[in-house]
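Working notes for the structure below.
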Amino acid sequence: MSEVISLRNLTVEFGTRRILNGINLDVHEGETLAVIGPSGTGKSTIMKVLTGLLRPTGGSVKINGQEVANFSEKEWDEIRKHMGVVFQYSALFDFLNVEDNIAFGLKRHYKVSDREVRERVAELLELVGMANMEKMMPSELSGGMKKRVGLARALAMRPDIVYYDEPTSGLDPVMTATISRLIRQTQKTYGVTSILVTHDMESVFMAADRVAMLYKGDIVALEKTEDIKNSKNLIVQAFINGQELPKEVKNE
């Protein structure tokens, strides 16, 4: 199975504070990998490194076989055309309707006809269960609808890789399940490789193939989703069950 993303000895430091302690992680083609862990443990830092928003202190970062750790902004702009990001708070443009929000990157980076744009937007809105809502404004949308538009926008340029940053944050259980099913459906429909950063274990169980547990800058567990519930790692068990995390634990 080929690796779309490969991290080796990835280290990130801010002054004297080390955020990532030389982690190693592979994400396989076509899979959804969930990255879980308490706040402040480095999950968002990994996401920033993988989207070119943060240059690592050390180590190797390969995306589709390319070493990107020291890419220029111009080089990152090119590789970002093959990525989609679903932001925690949707990050829609308030002054654009649904259609223009979804098509924003498509129009910016590619020469496409108005007809192609309309067809692509209609296809994606159908996928996320919002058919015929092209002309609605963000102010008219519920939180769950904004998340779905955000997913549609992330898919507009037919990316190879999709990053999900807390996509179910602030949603009720029903909409959380809806978004989680959409993540799985997106994987099956388009064959994308995805990283899902989340605190929501129900979303993990529904959407992810494997789970990496990040704790104090280290990956303390990496398991198939169906195995994570029975993990022998005490940190994983405490996190899954909503218990206080142990201060000192030897990894098994």
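The values are calculated or read from the model by the stated rules, or taken from the named source; none is laboratory data. Here the structure is a predicted model, which is why all the values come from computation and not from measurement. Neighbour counts run over all protein chains shown; Cβ positions are idealised from the backbone, glycine included. Ligands, DNA and RNA are excluded from the accessible area calculation, which covers all protein heavy atoms including side chains. Shrake-Rupley method; radii C 1.70, N 1.55, O 1.52, S 1.80 Å.
Taking region 200-226 as the range and being part of a loop (DSSP other than H, G, I, E, B), touching a strand residue (DSSP E or B) at 6+ places or on another chain (Cβ under 7 Å) and not aliphatic (A, V, I, L, M) as the test, the residues that pass are D209, G217. Among the residues of region 42-72, those identified as within 16 Å of the chain's Cα centre (by Cα) and either open to solvent by less than 30 Å² (accessible area, probe 1.4 Å) or β-branched (V, I, T) (or both) are G42, K43, T45, I46, M47, V49, L50, T51, G52, I63. Can you tell me which residue is modelled with the lowest pLDDT among those in region 107-130 that are surrounded by 12 or more Cβ atoms within 10 Å (Cβ to Cβ) and not in a helix (DSSP H, G or I)? Out of the qualifying residues, it is Y110.
Based on what the data block shows, is L96 touching a Leu at 6+ places or on another chain (Cβ under 8 Å), of a type in the set (A, V, I, L, M) and either within 30 Å of S6 (Cβ to Cβ) or open to solvent by 20 Å² or more (accessible area, probe 1.4 Å) (or both)? The answer is no for L96.
Screening R17 on (1) among the charged types (D, E, K, R); (2) closer than 22 Å to V204 by Cβ; (3) free of Cβ contacts under 8 Å to residues at least 24 places away in the same chain shows it passes everything except condition (2).
Residues in region 214-233 that are touching a Gly at 6+ places or on another chain (Cβ under 6 Å) and open to solvent by less than 10 Å² (accessible area, probe 1.4 Å): L214, G217.
Restricting region 167-194 to residues that are in a loop (DSSP other than H, G, I, E, B) and modelled with pLDDT of 90 or more, which is surrounded by the most Cβ atoms within 10 Å (Cβ to Cβ)?
V192
Has region 76-95 got any residue that is under 26 Å from F239 (Cβ atoms), in contact with a strand residue (DSSP E or B) (Cβ under 7 Å, 6 or more places away or on another chain) and among the β-branched types (V, I, T)? Looking through region 76-95, at least one residue is under 26 Å from F239 (Cβ atoms), in contact with a strand residue (DSSP E or B) (Cβ under 7 Å, 6 or more places away or on another chain) and among the β-branched types (V, I, T). Being buried (at least 17 other Cβ atoms within 10 Å of the Cβ) and more than 20 Å from M83 (Cα to Cα) is true of M133.
Figure legend. Inter-residue proximity from region 73-99: first residues more than 14 Å from K147 (Cα to Cα), second residues among the small types (G, A, S) and open to solvent by less than 50 Å² (accessible area, probe 1.4 Å), beta-carbon distance below 7 Å, spacing 6+ or different chains. Indicated pairs: W76/G52; R80/G52. If the condition is being open to solvent by 30 Å² or more (accessible area, probe 1.4 Å) and not in a loop (DSSP other than H, G, I, E, B), then region 136-156 contributes S139, E140, G143, M145, K146, R148, R153.
Return yes or no: is I102 closer than 30 Å to A131 by Cβ, in contact (Cβ under 8 Å) with a residue 24 or more places away in the chain, open to solvent by less than 20 Å² (accessible area, probe 1.4 Å) and in contact with a Lys or Arg (Cβ under 8 Å, 6 or more places away or on another chain)? When the stated conditions are applied, I102 passes them.
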